[in-house]
Structures are given as C-alpha cells and as structure tokens.
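Values quoted throughout were computed directly from the atomic coordinates according to the rules given, and no laboratory measurement underlies them. Just so we're clear, the structure is a prediction, and the values are computed from it rather than from any experiment. No Cβ is skipped: glycine too gets one built from the backbone with ideal geometry, and neighbour counts run over all protein chains shown.
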Amino acid sequence: MTRILHVDSERPWRGGQRQVLLLMRRQRARGDDPHLAAPGEGALAARASKEGFPVHPVPMRGAWDLRAVLALASVMRAIRPEIVHWQAARAHAIGAMAALIERAPARVLSRRVQFPVRRSVGSRLLYALPIDRIAAISGAVREALVRSGVDAAKIDVVPSGIDVAPGLSPARRLELRAELGCADPDVVGINVAALSPGKSHEDLLRATAIASRRAPRLKLWIAGEGPLEETLRKEQRTLGLDGTVTFLGFRTDVEALLRAADFFCTPTSSEGLGSSILEAMAAGLPVVATRVGGIPEIVEDGRTGVLVPPSDPAAFAESMVAMAARADLRREMGKSGREHAGRFSADRTAEGTYVVYRAALKARRRLTV
C-alpha cells in the first residue's frame, strides 16, 4: 500500500479538482491510501470528505503563505506519505517550501496550464527547488514548460481523464430542454467553464449575436460561475441576446445538460487540454473550439469538431451557423467524438500517473542513497 498526499490549493470546483477526485477514487480502489491537504472550506475538501477520504485542512491563502507551509509540513510529518502530489500552482509553492522543512517523500507536480512559467525570481526559484517528476496534461503544456527552461527529462505527458456518465432518456432530454426554455426544433450550443478571464466568453456572446441572425433557432447555454458574470450579463443585454443566451450558473447536472444540448462550444484563449471538451465528446456532442493549447490534441478538426482561430468571433459564428444548420454534421461528428473520447478515460489517466509515481520514487531513492 502506498500513501499519497495530494495537495490542492483551489477553493472552487473546476476541472482540476474533478481530476484530483477521480484519481483518488482509483487509488483507493487499487488498495492505496490517498490523503488530501486542501483549504477546509473548498469544494474539493468537502467532496473528498463526504466520500470518506482523509482530508487535512490547510488554508493556503497565497503562494508564499508561511502558516500554510508550516501546517503542510506538520501534515507530512504526521502521515508520512511516500509520495506528495502537488495539484496547483499555489500548492506547488507551499508544498516545495514544506518539503524543505520536513523530510520529503517523492515529489510530483501536475501542470494543467499552457502558459510558460513566469519570469519572476520567485517562480524561477520555485522550479529550481527539487521536483522528481512533472505530469503535464498535454503536449502543449509540456512544450511551454520546456520553453521556460524546465528539464524536459523530468516531464511526462498524462492527459486528463473522464468518467462516462449514463445516457439521458429522450423524454428527460425534452423535459430538461423545456425547463430551460428550449423547444425540440431549437439547436442548443452549450459552454461549461468558469466565468473568468481567459475563457473568452465575450467572444462567445459576440459570435452568438452574429450567428443568431442567420440561425434563428440557435440557443446557447452557459454553465458556470465566476467574477465576470455581471459583466457578461450586461454584454448579453447590450447584444440583444436575452431570448437566445441563458446563464445557468453552477450546476451539478452538467452530464445531463450535455446530453440535452446539440453541440459544445468553447472560445477560450488558453487551455491546457480541456476535460469539459472530453466530457462533451463522450456525451456525443460535436465541438466548436479555438485552436489553442492542448485542444488540437483532443479535437480532430473536421472529424469530431471544428477548430477556429482564437479571438475571432466572426469565424466562431460561421461554425456555430454550420452546426445549427446541419443535423447530419452534428450526428456524424458527435459519433466520432464519442468514439475518440473513449481514449481519455480516468482509468487511463490513473495508470499514467502511476508510471510517473514509479519514476519519482526511483529518482528519490537515488538521491537518498
């Protein structure tokens, strides 16, 4: 049995936190002992605790939070993990410093963002501290790390994974659409993302305004919450999209929403990989997305979806119009996407993570001999 301490610093429930919980479930299922150190008021801590995982509350108020460093070092001293797995940027900073205080086990970092490591002294110092292995969620993330001067020999690519949810009955599909103001002939695009900078929801609203002039049955659902919600609602009103775009807020039934929609759309300007895209493809949805980061590694342009340049609402609108106009295109791309998404299971992600763990343990043993 291997004891693993996952360290996650984020409070909202987003794709990264879902990945941590999916991984912890599989580690427990194979007889290992996963623990979580995270802010006690965070969504991941609450869900992990509810599922019976050992959760150690650590505030993690900032990247250089000395109190959090000492608290995490205390947790490491108490439970003696063989592997510590840092799951986010602040978790990495706090964990790396805690590892200087407490005799550290094998150190693994998951990197989920595609932008390069910052050039600040703090960031460069952070990556100079010992890391045994880095698990990048896509080739694009790996390349960004290498361009930043991180040792390529320490980086493995382990794509995010998904659990395939059960299908939705035709009756429930119609019922859910009706609840959200959509008739059966309407063509519904759906976006699932935090309403935060970088996700480019403004471009999505502008694209929808352009597309809806040519596709009057087009509707858009936006599922998610975040700091830009008020700004985006104002933009919705300015563009005259009150009857076309529906903000759904945070939802616990995303899988059902995906199966009630007709295509998935994401105009993001930056994306490490895109687990929400994988979930949409697994639900049988074709994808309209920007050609950024790791997205081209999961969306096959012309086969499972359409890729367009970032920051180009007009090009995005063209693809939305095509999706709205052609049921055959949605059907064929959706079928191909469902087959392709099967390659990105959470089980496969867990297996890839264990390969990283074994390499990290081997590297740590060499250093301590």
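Over all pairs of different C-alpha atoms, segment 165-241 has a mean inverse distance whose reciprocal, the Kirkwood radius, equals 13.8 Å. Applying 1/(1 + (r/R0)^6) with r as the Cβ-Cβ distance of ARG119 and GLU339 and R0 = 56 angstrom yields a FRET efficiency of 0.85.
With R₀ fixed at 41 Å, the C-beta to C-beta distance from ALA29 to ARG251 puts the FRET efficiency at about 0.90.
Projecting the Cα atoms of LEU361, ILE155, ALA93 onto the charge dipole of the chain (Cβ charges, centred on the Cα centre) puts LEU361 farthest toward the positive pole. If I model a spin label as a point 7 Å beyond the Cα along the Cα-Cβ vector, how far apart are those points for ALA178 and LYS234 in nm? About 3.8 nm, to one decimal. Sorting SER336, SER148, SER275, SER319 by the number of Cβ atoms found within 10 Å of their own Cβ, with the fewest placed first, yields SER148, SER336, SER319, SER275.
Sorted fewest first by neighbouring Cβ atoms within 10 angstrom, VAL75, VAL288 come out as VAL75, VAL288. For THR266, the residues whose modelled amide H falls within less than 5 Å of its own, excluding neighbours fewer than 5 places apart on the same chain, are VAL288, ALA289, THR290. Across segment 87-95, coupling constants 3J(HN,Hα) worked out from phi with the 6.51/-1.76/1.60 Karplus curve, θ = phi - 60°, read 10, 7, 4, 5, 4, 5, 4, 5, x Hz, and Gly and Pro carry x.
Note on segment 258-369: Rg/Rh from Cα positions, Kirkwood definition for Rh, rounded to two decimals, is 1.15. Sorted largest first, the principal axis extents computed over the alpha-carbon atoms of the chain equal 68, 41, 35 Å.
Using the Cα coordinates of segment 58-210, the gyration tensor eigenvalues translate into equivalent-ellipsoid semi-axes of 40, 20, 16 Å, sorted from longest to shortest. Within the straight-line cut-off of under 17 Å between alpha carbons, the aspartates and glutamates reachable from LYS199 are GLU225, GLU229, GLU230, GLU235, GLU271, ASP312, sequence neighbours fewer than 8 places apart in one chain being disregarded. Between ILE101 and ASP242, the modelled labels are 5.5 nm apart [label points 7 Å from Cα along Cα→Cβ]. Net charge of the neighbourhood of LEU21, taken over other residues with C-beta under 13 Å away and scored Lys/Arg +1, Asp/Glu -1, is +3. In a reduced charge model with +1 at each Lys and Arg Cβ and -1 at each Asp and Glu Cβ, segment 157-298 shows a dipole moment near 460 debye about its Cα centre. In the chain, a dipole from Cβ-located charges (positive for Lys and Arg, negative for Asp and Glu) runs towards its positive end, and of SER49, LEU285, ALA324 it is SER49 whose Cα lies farthest in that direction. For ARG291 and ARG147, the difference between the fully extended length at 0.36 nm per residue and the C-alpha to C-alpha distance is 49.9 nm. Around VAL158, what is the net charge, scoring Lys/Arg as +1 and Asp/Glu as -1 over all other residues with Cβ under 11 Å from its Cβ? Its environment carries a net charge of +3. The reciprocal of the average 1/r between distinct C-alpha atoms defines the Kirkwood hydrodynamic radius, which for segment 170-341 equals 15.5 Å. In plain terms, the chain from ALA171 to ALA128 could stretch by 9.9 nm, reckoned as 0.36 nm per residue minus the Cα-Cα distance. Sequentially through segment 255-268, phi angles give Karplus couplings (6.51, -1.76, 1.60; θ = phi - 60°) of 4, 5, 4, 4, 6, 8, 8, 10, 7, 10, 9, 9, x, 3 Hz, Gly and Pro residues having no value and appearing as x. Listed peptides 341-354, 134-147, 162-175 appear in the order 134-147, 341-354, 162-175 once ranked by packing, highest mean of other Cβ atoms within 10 Å at the front. Quote the FRET efficiency, to the nearest 0.05, computed for LEU66 versus VAL164 with a Förster distance R0 of 51 Å and r equal to the Cβ-Cβ distance. After rounding to 0.05, the efficiency reads 0.75. On full extension, the segment bounded by ARG77 and LYS154 gains 25.1 nm, given 0.36 nm per residue less the C-alpha separation.
Each label point was placed 7 Å from the Cα along the Cα-to-Cβ direction; for GLU225 and LYS50 their separation is 1.4 nm.
Our coupling estimate for segment 2-13, obtained by passing each phi through the Karplus curve with A = 6.51, B = -1.76, C = 1.60 and θ = phi - 60°, is 9, 8, 10, 10, 8, 10, 10, 9, 8, 9, x, 8 Hz, Gly and Pro reported as x.
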